[in-house]
Each structure stands twice: as structure tokens, then as C-alpha cells.
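Remarks on the structure that follows.
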């Protein structure tokens with residue numbers, strides 16, 4: 001990719017996956033990693049040893065600490081976030097500071113520097129949110145769409161929303177694999193719970209697709225398949241060649257039985273792009289009366305959730321897990 005790319009929260013799983021992809025391209029001019037953890041930056045510097053990778057210390061909560069990182073940038077991937085549901089449930093204001101105010105700061109800097117495109121990373125928990133993390137991410141999406149609606153259009157802003165990214169830091173697969181390797185019992189909230197499953201590589205594909213194909217204010221969603229937790233455990237047993245022992249502990253703070261990627265309200269205007277849904281920005285003004293057409297037949301459209309979408313088989317899920325770089329490592 002030609003140009004200078006900035007990744008906020010770039011030392012995380014997504015940032016490393018993007019770096020893996022873009023550094024393979026000799027046309028990539030520069031990748032800037034913006035984060036607040038110097039140790040992770042140092043580890044990443046040693047891992048890649050590539051002069052095209054530049055590191056900036058800063059916190060998206062503090063706009064003065066991140067301004068310099070945006071100078072001369074062409075594209076932004078905004079991945080900095082608080083993502084753990086229980087942590088955000090106990091410290092909701094911290095989730096607001098990072099996920100909502102932090103996003104506003106990032107987009108303010110992007111617009112001020114006339115950056116070509118900014119892609120904001122969201123989560124299925126932002127659709128019909130019931131927990132603090134999902135609520136803060138839902139507000140983050142509104143901040144991004146609001147900025148897209150109000151700026152002059154010199155900076156194109158898109159949002160991507162996806163489900164569980166397999167093998168990402170803090171997710172369930174590394175936890176279960178670690179417990180299986182130690183022959184320890186797996187704690188399961190509810191085995192019939194369903195979750196969307198996608199690889200880090202698919203997450204990168206989605207973000208790059210949004211960057212290349214999106215219009216200002218677009219929201220993109222991958223048509224991911226889902227799995228029950230029981231089927232996930234069966235797949236991990238195949239991968240690890242170990243038999244598991246499980247203990248059901250009940251739902252944690254703020255957990256759902258299934259997640260939604262596209263709400264029924266969004267499905268009304270969603271465009272089917274094959275592997276993705278594109279939900280365009282609602283460009284109407286606050287003067288609703290001149291847009292009213294009285295058509296309520298579309299309200300019967302169902303949402304796209306992990307309970308009504310296609311279900312991935314245990315063997316296919318095992319193969320998908322084996323493809324992830326975490327498991328290979």
C-alpha cells in the first residue's frame with residue numbers, strides 16, 4: 001500500500017496482523033504504531049526489525065499526546081480500545097474515556113490533518129448493547145458517523161464491525177488452549193452460547209476492504225459464521241488432541257447468549273456485497289418531516305445474529321483454528 005499508515009493501539013493483535021500483511025508489500029512506505037505501552041512497542045520493534053515501522057508513544061484519551069503522530073499520514077486504522085466485557089462493566093467510565101472520547105480525539109486529528117481515509121474498528125457488542133463495553137463502542141460508532149456527516153468529506157471515515165477474532169489477545173481460544181495444555185478444567189459460561197468466528201486475517205481483509213471501497217460514513221460487516229461454545233471446545237479438542245473437562249459457571253457480567261452483527265433497523269438499508277454487508281450513512285438532516293413516507297413494511301426484516309446465521313461445523317472450525325498464526329506459533 002502506497003503512503004503512510006497510522007495504527008492506533010497498534011501493538012495489539014490487529015496491529016501486528018496489519019503489520020504482517022503490509023510489510024510484505026514493498027510498496028508500503030511507512031507504518032506508524034501509536035500506543036501507550038513502551039514495552040510492547042519495544043517487543044514489536046525487535047520482532048520486525050524493519051525501518052518502515054515507526055513508533056509513537058501516546059494515549060488516545062489525551063489529544064495533545066497524539067497530534068504529532070498524524071502529521072503527514074495518509075490512512076488511519078483506529079484499533080485502540082478497551083475490549084474486555086467484565087473490565088468495562090466494573091469501570092464503565094474508563095471505557096467511555098478510551099472508546100468514545102479517544103475516538104473523537106483520533107478523528108479530530110485525522111480531519112485536521114486532511115488524512116485521506118480513517119477506518120474505525122468496532123464490535124458486534126455495539127449492536128443492541130447490554131454491557132458497558134458494547135455501549136461505549138455503540139457511542140464510538142455514532143461519534144465516527146457523526147464526524148463523517150459533519151466534516152467536509154476531505155477525510156473519508158468508515159466503520160467496521162466484527163465478532164470474535166480467533167487467537168486475539170485476551171480471547172477465549174488462547175485461554176482454552178492454555179488450559180488444555182495443562183490438563184486443567186475449562187470454565188464455560190453456557191455451552192449453548194453462540195459467537196461469530198473470524199480469523200485475524202479476515203479482520204484485516206475487512207478493514208482493507210472498507211479502506212479501498214467505502215464511502216464516507218459507511219459501516220461494513222463480514223458475513224461471518226458462528227459456533228456454539230460446545231462446538232468450539234470440540235474443535236479445540238481436535239486441534240490439541242486432548243480431551244477436555246468442563247465446568248459450567250453461568251453468564252458473566254454483561255454477557256449475551258448470542259451476538260448481533262447487523263440490527264434489523266440496519267438490515268433495512270444494508271447492501272449485500274457478497275462476503276460483506278455495507279450499511280450506508282443516514283444522510284438525512286434533523287428535519288425529519290420532509291423525509292417521512294409512511295412505509296412500515298420493512299420493519300419485519302430480521303437482524304443478522306450469531307443464532308440465525310450459518311453455523312460452522314466442528315471440523316471446519318478446527319481447520320480454521322489451525323490456520324491462525326497463534327496456533328501455529
In whole angstrom, the spacing between the Cα centers of region 89-117 and region 152-208 equals 22 Å
What 222 nm value per residue comes from the helices of the chain, counting each DSSP H run with n ≥ 4 as -39,500 (n - 2.57) and dividing by all residues, nearest 500 deg cm²/dmol?
-10500 deg cm²/dmol
What whole number of Å gives the distance from the Cα centroid of region 55-81 to the Cα centroid of region 255-279?
29 Å
For a quick check: sort 137, 47, 67 by the number of other beta carbons within 10 angstrom, fewest at the front.
47, 67, 137
Prolate/oblate/rounded call for region 24-183, Cα gyration tensor, a/c under 1.5 rounded:
oblate
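Rank these for me by crowding, 42, 78, going from fewest to most other beta carbons within 10 Å. Display every interim value, and only then the final one.
Working: 42 12, 78 28.
Starting with the residue having the fewest Cβ neighbours, the order is 42, 78.
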Over region 81-173, what is the relative contact order in whole percent, taking alpha-carbon pairs under 8 Å and six or more residues apart?
31 percent
Going from the fewest other Cβ atoms within 10 Å to the most, one would list 91, 77, 220 as 91, 220, 77
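What is the extension gain from residue 185 to residue 322, computed as 0.36 nm multiplied by their sequence separation minus the C-alpha to C-alpha distance, in nm to one decimal? Provide the component values of the computation, followed by the final result.
Working: separation 137, 0.36 × 137 = 49.32 nm, distance 2.19 nm.
Extra length available between residue 185 and residue 322 comes to 47.1 nm.
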Of the convex hull enclosing the alpha-carbon atoms of region 121-194, the direction-averaged projected area in nm² is 6.5 nm²
Which distance in nm do the two modelled labels at residue 302 and residue 169 give, with both placed 7 Å along the Cα-to-Cβ direction?
3.8 nm
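Two decimals, Cα atoms only, Kirkwood Rh: what is Rg/Rh over the chain? Before the final figure, lay out the partial values.
Values: Rg = 20.0 Å, Rh = 20.7 Å.
Looking at the chain, the ratio lands at 0.97.
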Relative contact order of region 171-305, pairs being alpha-carbon contacts under 8 Å that are 6 or more residues apart, as %
32 percent
Defining a contact as two alpha carbons under 8 Å apart and six or more residues distant in sequence, what relative contact order in percent does the chain show?
16 percent
What nm distance separates the two modelled labels at residue 108 and residue 265, each placed 7 Å from Cα along Cα→Cβ?
2.7 nm
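All of the numbers you see were taken from the coordinates with simple rules; none came from a lab. Just so you know, these numbers come straight off a predicted model, no measurement behind them. Note that each Cβ is placed from the backbone with ideal geometry, even for glycine, and that neighbours are counted across all protein chains shown.
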